[in-house]
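First the structure, in the form of structure tokens, and then the observations on it.
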Amino acid sequence: MRYQSLLFVASFLCIASLASADLITYDVTVNTSSISGTMGSLDFQFNPGPLVSEPATLQILDFASNGTLNPPPLPTGDVTGVLPGMLSFDNLTALNDYFEAFTYGTMLAFDVSISSMAGGTSGSAFAFSMFSDAAGTIPTLTTDTTDGFAFTVGVNFDGSTTVTPFSSQTTVVPAVATVPEPDSLTLVGTAIALMGTLLWFQTRRQRVPSQNRARRI
Amino acid sequence: MSWKLLSGLSITTAVLLTSQLYALAVYSHTSPAFGTGVLSYEAPGSGLSPSTTISASITYSSVLPPNLKDNTVLQAGGAINSLADIPSNWLFSDGVRQWTPSNSHFYIAVVDTDASGNITGWDLNLYSNPGFSDPQVYIISSTPSTYGSAEVNLAYTSPYATAYVFYGPGVDVTWAPPVVTPSSPFTTYTYHGNAYNTCSGTYCTGGPYALSAEFTTTLTASALANLPYTDITSSIVSFTFTDGSGLTIDNSNASYKDFNISTGASGNIATWLITSCGSSCNIQMQTNWDSPFGFIPGADFSETTASFAGSYGFISNDPGRWSASPVAAFSATQIAIMASGLLYSRVTRTYNGTVTITNISGGALGGPFPIVLTSLTPGVTLTNTSGTVQGGPYINPGVSSLAPGQSITVHVQFSNPSNALISFTPVVY
């Protein structure tokens, strides 16, 4: 009976584990002093792969710069928010893109926070690009002159991420942390409560025989 | 590689996708036990017995035409002289020995068919390699059209085994209806040359040496039937030439290649001029037969110094044998396929990513592993395609083998003007 109960609790913990998503955050800083004053543009995108991609979300947080954003932005696909506020992307359409003209100062910084799950046969991918023209056709501060990416983050099938840098002016510092999502917390909490209940029952069961023995004596 | 087809006949998705385009017809037959007929002679030690049967499987690129009589369509009668119009693959066995394209060739391949293309009569005369007139192994299975009411099974393996069996009327001696199996968008041809009989330098030491060649083309089925003498170089996915000593020229180290063939009704190569050079054409391997531009009447050779000035091996007037097999798709238990996310390039206005294939079979796998993108989203174009085959565009990684656990990653680039969600079903061959 005790063994079955423990199995029950363990299965709950497994379910909780499956439901968890990896939340991975990168701190991004770009030294734009070499192009300060240039009227260019910025681009953020987060897209799925061509096979089976697990649902994933991405946020751009804490955007800061001494440059100037030049609205209106041009969002495409599943992206909400306006810089310098938070941007939220998902990977449910082919192109989830936020593009905005920008006059460079000497620096810009932001955080990229990705929530993903393991599984599927396709990853998803994030890219940040800087251009020296407002139309977004001339890449700058990157060695990737073909596609113009400053860096990319690949979301792998196991939920992990891979950063590929193309810009010596850009630093991408990973701050990887796996935390349970609220749904997972609920499940874990339920499991802990069940374990506590089991413990209480077992403690009580152990006390009863000793009381009986005392009566017989 | 050539028998990958047989091991992969049950493979699913890709095969189903291509089945509407081409079919592959495999005819099979098992003779009655020799003991049910009259065994006229058996040499001691042959391993043959009254329980011996001959099992046969022959493969054509499609179901045979209906109502053939003495194979007037595939063969005008008598011996095959053109090396064409024979099955594209075969497997004969007497329970002790096996004969396949790698160790045998047809001298006669005559069949009759009914209105459904089922074989009703046959005269299949198989010799062992080497030598077109050297009957080291000689098998005939034939029935009414050539031998009246009896089937004859003759197995002869010089010098120790002979069986000659007549089956009387009433003995069930039939071929099963063809198993029509899906083909593939790729065909592999394999050549086994005869041993060089002229040599110089290193080719005179050791041996015997002989030229072998294998190439995979995107041409299939009807595109390969009755092909006039044609340069098919642009359709070549991969190729390998070897001289028998370990020297190899393939698509990874060749500076020159030349593929000219003509074919018969079954897609078998009838005349050819096929050449490849290594990093310089000082190292060259060539096979040719009855081609307008080759040595007449034909020769195989390999050399390591240009113009036969140094080491070389050579044989003329004795062509080797070609066999053909559709290339079967790898199954999900052999190859795992993963893809990255696709990023849009504002510079090239294309979507870019990677596809990675990994050998998960536990054993080495032979290439060239072309990846066909079937069911690609309408309106989406693979811009870095290696070509287009039945089923969709493909990318050729150009790899000849994958060790267990080894991966190949290829770049994919798509034009997607409408920003549609890009999807496809990858199939690896």
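Kindly evaluate B:ILE249 against the criterion of being assigned to a strand (DSSP E or B) and farther than 22 Å from B:PHE369 by Cα. Working first, answer last.
Working: assigned to a strand (DSSP E or B): yes; farther than 22 Å from B:PHE369 by Cα: no.
No, not satisfied.
Kindly indicate the residue of the stretch B:375-426 that is within 13 Å of another protein chain (Cβ to nearest Cβ) and among the aromatic types (Phe, Trp, Tyr) and also farthest from the chain's Cα centre (by Cα) among those meeting that condition.
Here the answer is B:PHE414.
Here are the criteria: (1) within 7 Å of another protein chain (Cβ to nearest Cβ); (2) touching a Leu at 6+ places or on another chain (Cβ under 7 Å). Tell me which single one A:THR146 does not satisfy.
Unmet for A:THR146, out of (1) within 7 Å of another protein chain (Cβ to nearest Cβ); (2) touching a Leu at 6+ places or on another chain (Cβ under 7 Å): (2).
Given the conditions (1) buried (at least 22 other Cβ atoms within 10 Å of the Cβ); (2) more than 14 Å from chain B (Cβ to nearest Cβ); (3) part of a loop (DSSP other than H, G, I, E, B), and given that A:VAL30 satisfies all but one, which numbered condition is not satisfied?
Only one criterion in (1) buried (at least 22 other Cβ atoms within 10 Å of the Cβ); (2) more than 14 Å from chain B (Cβ to nearest Cβ); (3) part of a loop (DSSP other than H, G, I, E, B) is unmet by A:VAL30, namely (3).
Kindly state which strands (runs of 3 or more DSSP E) lie completely within the stretch A:74-131 and contain at least 1 residues that are closer than 15 Å to A:VAL30 by Cα and within 12 Å of chain B (Cβ to nearest Cβ).
Numbers: elements: A:87-90, A:97-103, A:107-116, A:124-131.
Because the criterion is at least 1 residues that are closer than 15 Å to A:VAL30 by Cα and within 12 Å of chain B (Cβ to nearest Cβ), the strands (runs of 3 or more DSSP E) in the stretch A:74-131 that meet it are A:124-131.
Any idea how many residues of the stretch A:33-55 are of a type in the set (Asp, Glu) and at the interface with chain B (Cβ under 9 Å from one of its Cβ atoms)?
The qualifying residues number 1.
Answer with yes or no whether B:TYR429 is more than 24 Å from A:ASP90 (Cα to Cα) and either within 9 Å of another protein chain (Cβ to nearest Cβ) or at pLDDT below 95 (or both).
In short, yes.
Identify the residue in the stretch A:134-143 that is more than 9 Å from chain B (Cβ to nearest Cβ) and not small (Gly, Ala, Ser) and, among all such residues, is farthest from B:SER345 (Cα to Cα).
By that ranking, first place goes to A:LEU141.
Return the pair list, or none, for Cβ contacts closer than 6 Å from residues in the stretch B:268-286 that are surrounded by fewer than 19 Cβ atoms within 10 Å (Cβ to Cβ) to residues that are β-branched (Val, Ile, Thr) and not in a strand (DSSP E or B), at least 6 apart or on different chains.
Partner pairs satisfying both residue conditions: B:ASN282/B:THR305.
Need the failing condition index for B:GLY341 against (1) more than 14 Å from every other protein chain (Cβ to nearest Cβ); (2) assigned to a loop (DSSP other than H, G, I, E, B), just the number.
(1) is the only condition that B:GLY341 fails.
Which of the following residues is among the small types (Gly, Ala, Ser) and under 15 Å from B:LEU343 (Cβ atoms): A:ALA101, A:ALA109, A:ALA94, A:ALA135?
Every option except A:ALA94 fails the conditions.
Going by the conditions given, is A:LEU58 within 14 Å of another protein chain (Cβ to nearest Cβ), touching an Asp or Glu at 6+ places or on another chain (Cβ under 9 Å) and part of a strand (DSSP E or B)?
On the way: within 14 Å of another protein chain (Cβ to nearest Cβ): yes; touching an Asp or Glu at 6+ places or on another chain (Cβ under 9 Å): yes; part of a strand (DSSP E or B): yes.
Judged against the criteria, A:LEU58 is a match.
Anything in the stretch B:247-267 that is crowded, with 23+ Cβ neighbours inside 10 Å and among the aliphatic types (A, V, I, L, M)? List them, or say none.
Within the stretch B:247-267, B:ILE249, B:ILE261 qualify.
Is it the case that B:ALA329 is more than 21 Å from B:LEU219 (Cβ to Cβ) and not β-branched (Val, Ile, Thr)?
No.
May I ask you to list the residues in the stretch A:48-91 that are small (Gly, Ala, Ser), in contact (Cβ under 8 Å) with a residue 40 or more places away in the chain and surrounded by 17 or more Cβ atoms within 10 Å (Cβ to Cβ)?
Passing the criteria: A:GLY49, A:SER53, A:ALA56, A:SER65, A:GLY67.
Going by the conditions given, is A:THR152 modelled with pLDDT under 85 and at negative phi?
Spelling it out, it is not the case that A:THR152 is modelled with pLDDT under 85 and at negative phi.
Which one of these does B:ALA332 not meet: (1) of a type outside the set (S, T, N, Q); (2) under 30 Å from B:TYR60 (Cβ atoms); (3) within 14 Å of chain A (Cβ to nearest Cβ); (4) touching a Gly at 6+ places or on another chain (Cβ under 8 Å)?
Only one criterion is unmet by B:ALA332, namely (4).
From the list B:GLY398, B:GLY367, exactly one residue is at positive phi and either assigned by TED's automatic domain parsing to the domain that holds B:SER340 or surrounded by 15 or more Cβ atoms within 10 Å (Cβ to Cβ) (or both). Which is it?
B:GLY398
Restricting attention to the stretch B:204-237, which residues are outside any strand (DSSP E or B), free of Cβ contacts under 8 Å to residues at least 24 places away in the same chain and under 16 Å from the mean Cα position of the chain (by Cα)?
B:ALA223
Is there a residue being more than 14 Å from chain A (Cβ to nearest Cβ), under 23 Å from B:ILE236 (Cα atoms) and of a type in the set (A, V, I, L, M) anywhere in the stretch B:345-361?
Here is the first cut: in the stretch B:345-361, the ones more than 14 Å from chain A (Cβ to nearest Cβ) are B:359, B:361.
Now restrict to residues that are under 23 Å from B:ILE236 (Cα atoms): none.
No, the stretch B:345-361 contains no residue that is more than 14 Å from chain A (Cβ to nearest Cβ), under 23 Å from B:ILE236 (Cα atoms) and of a type in the set (A, V, I, L, M).
Can you tell which of B:SER266, B:SER245 is of a type outside the set (Phe, Trp, Tyr) and touching a strand residue (DSSP E or B) at 6+ places or on another chain (Cβ under 6 Å)? Don't jump to the end; show me each part of the working.
Details: B:SER245 fails: touching a strand residue (DSSP E or B) at 6+ places or on another chain (Cβ under 6 Å).
Of B:SER266, B:SER245, the one residue that is of a type outside the set (Phe, Trp, Tyr) and touching a strand residue (DSSP E or B) at 6+ places or on another chain (Cβ under 6 Å) is B:SER266.
The values are calculated or read from the model by the stated rules, or taken from the named source; none is laboratory data. This is a predicted model, so every value here is computed, not measured. Cβ sites come from the backbone with ideal geometry, for glycine too, and all protein chains shown count toward neighbours.
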